Each structure stands twice: as C-alpha cells, then as structure tokens.
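Notes follow once the structure below has been shown.
Nothing in this text is a laboratory measurement; each read-out follows from the coordinates by a stated rule. This one's a predicted model, so the numbers in the text were calculated from it and none came from an experiment. Quick reminder, even Gly has a Cβ in these numbers, built from the backbone with ideal geometry, and neighbours come from all protein chains shown.
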Amino acid sequence: MTARRRPMVRLIALAILAAAVVAPRPASAVNVERVVSPGGIEAWLVRDTMVPLVSIEFSFRGGAALDPAGKAGLADMTVSLLDEGAGTFDSQAFQQRLSDLAVEMSFSAGADTIRGSLKTLNRNRDEAVELLRLALTAPRFEADAVERIRQQILTVLARKSTDPDEIAGRVWWKAVFPDHPYGRPVEGTPQSIAAITVADMRRLIAERFARDQLIVGVVGDITPEELRPLLDRAFGDLPATGEPVQLAEASIHAAGETFIIRQDVPQSVVVFGHSGLKRDHPDFYVASVINYVLGGGGFSSRLYEEVREKRGLAYSVYSYISPMSAAAVFAGGVSTQNGRVADSLAVIRAEWARMRDHGVSEQELTDAKTYLTGSFPLRFTSTDRIARMLVGMQYNDLGIDYIDRRNRYIEAVSREDIARVANSLLKPDDLTFVIVGDPAGIEATAEAPEIGG
C-alpha cells in the first residue's frame, strides 16, 4: 500500500468506528454472557456481528473521592496522562499510533470510579489491546506532557471560576458535603493541581489499578473464546489486589439553607436539592418515576409545566437523582431573570410539597411508565453505550439478567408506592438553594463556603 493511500484508509476506518451504531433493539434481544479469562479476569459480553469492531469499557472501583487531602484532582490529572506516552512510545508516537490504527482510547475519573474505554476494528485488535496494556501499566509521565496537561487543567479551572453554572454547582456540593470528599471538585482546584507530582500519580496507579477492583464490559464482533486471552493481555499485568476502597458514608448538611453568590448578571443560576436514595435502595425505581413526573421528564414534567409553561418564569427547570456509593441526592436546577428567582423558588417548593402530599394521577403514572420503559431500548443503540451499561450492571450488582428484568420494576410501581415514598423522600423545607446572580427579594440564610482553595 502506498503512503498516499494510508490517510484515506484511516478515514474509512474512523468512519466505521463512528458509525458503530445499531438500531434500537428490545431488551430481550440483548444476550449477556459471562466470560472468565485463564487468568481469572471476568467480563460481561454482548456479541454484535453487524460491524467488525470491539468496544471495551472498564472501570476501577474508587475514584476522585479517594484523592488525598490537598491533592484534589489527582485521579483526573492522572488519567488525562495515560495516553500521553507509554512503554517505548513518547506522547507524540503514542497518539500517532492510535491515529494510524483508528483506535479510540479514553479515560476519565468520577467521584466513585476511574473509567476507561477502547474501541477498535477487529483487524487492529491485538495492537490496540497492547496499547491499552501499556497505558495502564507503563505510562511515561514525561515532564513536558505533565506540564502541558497541568496547564490545560488550570486553563479549564480558570474558565470555570467565572461560569455561574459551575460556581453554583461547586458551592452546592461544598455546602452539602463540607467535610466529605464529595464536596471537592473532581478536577481539583488551582492550588491542588499545582501540588500534584509524578510520584503522586505513580502511587495512585500502583494502589488503585488492580484486578480486584476491575469491572469490564465488552460488546462487538468477538467470541468468548477470542475474548478470554484478550482480557489477560489487556489487564493481566495489573496487580492482583490494590488498596481497599474505604470511603466514609456522607451526611447531608445545610438542609433548608439559601446561599447567594452575588454577580452583576441579568439572569441567576440556581441549584437546589436534598438527600436522595441510593441505587440499591428497594424504592429506587419508585423514586425514578417520582423524579420523571416531578422534573426529570423534560417538557412533560410538573416543574416545566408550572414554572415555564403556566408562568413563564424560566426557560428550563429540571430535577434528577444522583446515587453515589457513600450518599445520594435528589437535586435540580433552574435559570431565570433576577426579578423572577423568588417566584421560581416558591413554585419549586410548592411542587415538591404537592408531590409529597398528593402523589401522582393515574395518567401521570401511565405516561411515566410508557416513557421510561419505551425509551429503555435507546440505551442499546451503540456498542460503547451497551458496554458502559454492562459495567454499570456489575458495579451496582444488578445481576447478569438485569436487562430482561428492568422494565418490570418500572411497571410494578403503583400510585400507592409513589404516595408512600414521596411522603418520606420529598422534603421541601430541606431543599438547599445556591443562587449565583443578583436575585431580587431573596436574602441568604448562611454564608456561602469558599471553593477556590
């Protein structure tokens, strides 16, 4: 093959990767297999022979919440450098090899996990897996790459420091979790990023990248027989055990408080919320239906109808459930003109109370079930989305047949269930509000915590 033709071949390969999308399929059509390698590494596999590629998603238990004091952002900065040179490849050579092979590799850190992904055409599978092995076990952390990534992170942090949405979110989490790692930003602060060393990053990899904390999901044109040795090649060089994941349970603070960060802007950004339900709570699916009707259902939600459609107080308003390993929150947000903030918050509290006291109508429940069950197949429209779901199923201990069972949990929710759960879950007086802007007719009830250090 001539050098002139290689770029075109690469573009075609990238197009195949980008087009690795499948039509929505019923849950019953997704067959999940448990595969264990000769070295004892387990993965959950969904075979898909439509496109000759493989998507591998994986995570390690324990994320940014385990960053040491004064080193917030360590996990995030570390994973940002994993593909910046590894083994015999410096940063430029590693990235060039990924490009030449049309391999997609990425890493990210969340509060509770560190995640990675690899997508490759089958013909490049062996070399792609070797590059992944090197990234996980032999990252170079060269000085120029480290400082370049550090400066990129600092630039992002500087931009976020003036963004009202970012400020509101960070203050809310800091106020609600003042003495817990959940109150720290995953990406760190300028001071903590400046303090991170290569030794810190190497220590994190040695302690946290281990097979006993590893979860793997695979989707694509690969058989269990082919996958087993591939798992050992990708992950077999990791240590068998890492440091235990020890994260204290988090208590919710600042219940009912209102924090205001004054900014001379025409529109205020508001974040609000209180405690929620964890993923393993027996009423989690009931809470999911409650959230859909209250504020998670977009244009069909009560908050949208009451705040925007009926009163024109805001362009958007929403709620969501965020379950984590050591806590859970039921939260939301709204953005509106300064003069309309007080009215918007009053309506949000009123809708919180109305759902708590009166539950949902039969039609609301039917509509919520129709959407939540009918939209479930949309999660199976790409190989990487399915692979991420396989990882999530294992992380949350949902069982290998969860996809077949999931919609039954939604269908089983009754109005009586919603009335019971809403009565204890929804606490309008406990809603913690953080407002960034210059809201009229509202006074702060407490001083906002500092978030810059």
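The calculated 222 nm mean residue ellipticity attributable to helices in the chain amounts to -12000 deg cm²/dmol, summing -39500 (n - 2.57) over DSSP H runs of n ≥ 4 and dividing by all residues.
Relative to its residue count, the range 193-253 spans a Cα convex hull of 181 Å³ per residue. Taken about its Cα centre, the chain carries a charge dipole of about 920 debye when Lys and Arg each add +1 at the Cβ and Asp and Glu each add -1 at the Cβ. With the convex hull of the Cα atoms taken as the outline of the range 310-370, the averaged projected area works out to 6.0 nm². For the chain, build the charge dipole from Cβ charges (+1 Lys, Arg; -1 Asp, Glu) around the Cα centre, then report which of LEU157, ILE260, ALA135 sits farthest towards its positive end. Looking along the dipole axis, the top candidate is ALA135.
With the charge dipole of the chain set up from +1 on Lys and Arg Cβ and -1 on Asp and Glu Cβ about the Cα centre, the Cα lying farthest toward the positive end among the listed residues PHE433, PRO449, GLN92 is that of GLN92.
Take the Kirkwood radius over Cα pairs of the range 258-437, plug it into Stokes-Einstein at 25 °C and 0.890 mPa s, and you get 142 µm²/s for translational diffusion. In debye, nearest 20: dipole of the range 89-157 around its Cα centre with unit charges on the Cβ of K, R (+) and D, E (-)? My answer is approximately 160 debye.
Between helix 402-411 and the chain there is an angle of about 10 degrees, using the helix long axis and the longest principal axis of the Cα atoms. Seen against the Cα atoms of the chain and their longest principal axis, helix 164-176 is set at about 80 degrees. Partner lysines whose Cα lies under 28 Å from the Cα of LYS278, excluding those fewer than 8 positions away in the same chain, are identified as LYS71, LYS174, LYS369, LYS427.
Taking the convex hull of the alpha carbon positions in the chain and averaging its projected area over all directions gives 22.9 nm².
The reciprocal of the average 1/r between distinct C-alpha atoms defines the Kirkwood hydrodynamic radius, which for the range 29-235 equals 18.2 Å. Once the Cα atoms are used to define both axes, helix 341-358 deviates from the longest principal axis of the chain by about 90 degrees.
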